[in-house]
Amino acid sequence: MVSGNKGGVGKSVFCLAFASALEMRGEPFAVFDGDGRTGDVFAAFRRKCPARQGDFRALRPESHLCNLDLIYETQLQQLLAGSPHLIVNTPDGADAVLKKWFDVTLSHTEASNINFRFVYLMSDRPDGLEMLPQLAESFQFLYPVRNLHFGQERRFTAFNQQYLDGFKVVLDLPALRGEEVRMLFDLQTFPSEAMKLKKKGTGTYAIPTLSRARLHAWQRQVNELVWDMVDNTEMPNLEFGKW
């Protein structure tokens, strides 16, 4: 499950990169995009893999019970029945509304004996970081990700000073040039697919050679990050008592 401390932190880009890492390793995956505002992750994967779209913001926190819970769990079960990996994208900014959906997802995966990873994308701003201790109470495999699009590791001052020591592993997502990011979303594609696009005739979009090379180098760095996280099934990522 991919969330973040505020809007524009790179959740969608991370989802695309994570899916590419799975494909390049030859492992099937499915996608659930819970961001009803943009749906850009769903757009990149529809008709290419099992994919569903929903809207986590449709349920307010005061609604204790809602049939959307059952609908969502049914969709999760269907997606996981045919795919060993499921990527769940969430709307901007983790909060009390989204925490309900986080918990529903965790309960479902635990009941099905499925390994759950919670990925928390961050900008260099302190907004929303107060959710980290709350999330740590529920999710032992919680992985903060510093998006280096916003600068080097030292720029993440609020996180580094208050929360860094609470985690065994913090992931640093390498920066991807803006033109490559825009290209992926404009073409509704993901890196491993984009790197295969070649011009076949008039009107067919071709990925420029330089962009393909930059995507390949960036994806290779991402792969090194995510596989350690995925393959770690025994050791929680939290250092309890550090906050």
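The values are calculated or read from the model by the stated rules, or taken from the named source; none is laboratory data. Being a predicted model, the structure only gives us computed values, none of them experimental. Ideal geometry is used to build each Cβ from the backbone, glycine not excepted, and the neighbour counts take in all protein chains shown.
Observations, loosely collected:
- Here Lys200 meets the list (1) modelled with pLDDT of 90 or more; (2) closer than 22 Å to Lys48 by Cβ; (3) of a type in the set (Lys, Arg) almost entirely, failing just condition (1).
- Residues located in the range 130-161, provided they are over 17 Å from the mean Cα position of the chain (by Cα), under 19 Å from Lys242 (Cα atoms) and at pLDDT 95 or above: Phe156, Thr157, Ala158, Phe159, Asn160, Gln161
- Residue satisfying condition, being in contact (Cβ under 8 Å) with a residue 60 or more places away in the chain and either out of contact with any Leu (no Cβ under 7 Å at 6 or more places or on another chain) or among the aromatic types (Phe, Trp, Tyr) (or both), within set Asp186, Asp165: Asp165
- If you check Ala194, Ala217 for being under 21 Å from Pro28 (Cβ atoms), among the hydrophobic types (A, V, I, L, M, F, W, C) and modelled with pLDDT of 90 or more, only one passes: Ala194.
- Any hit, the range 219-234, residues being loosely packed, with under 13 Cβ neighbours inside 10 Å, aliphatic (A, V, I, L, M) and either more than 20 Å from Val41 (Cα to Cα) or in contact with a strand residue (DSSP E or B) (Cβ under 8 Å, 6 or more places away or on another chain) (or both): no
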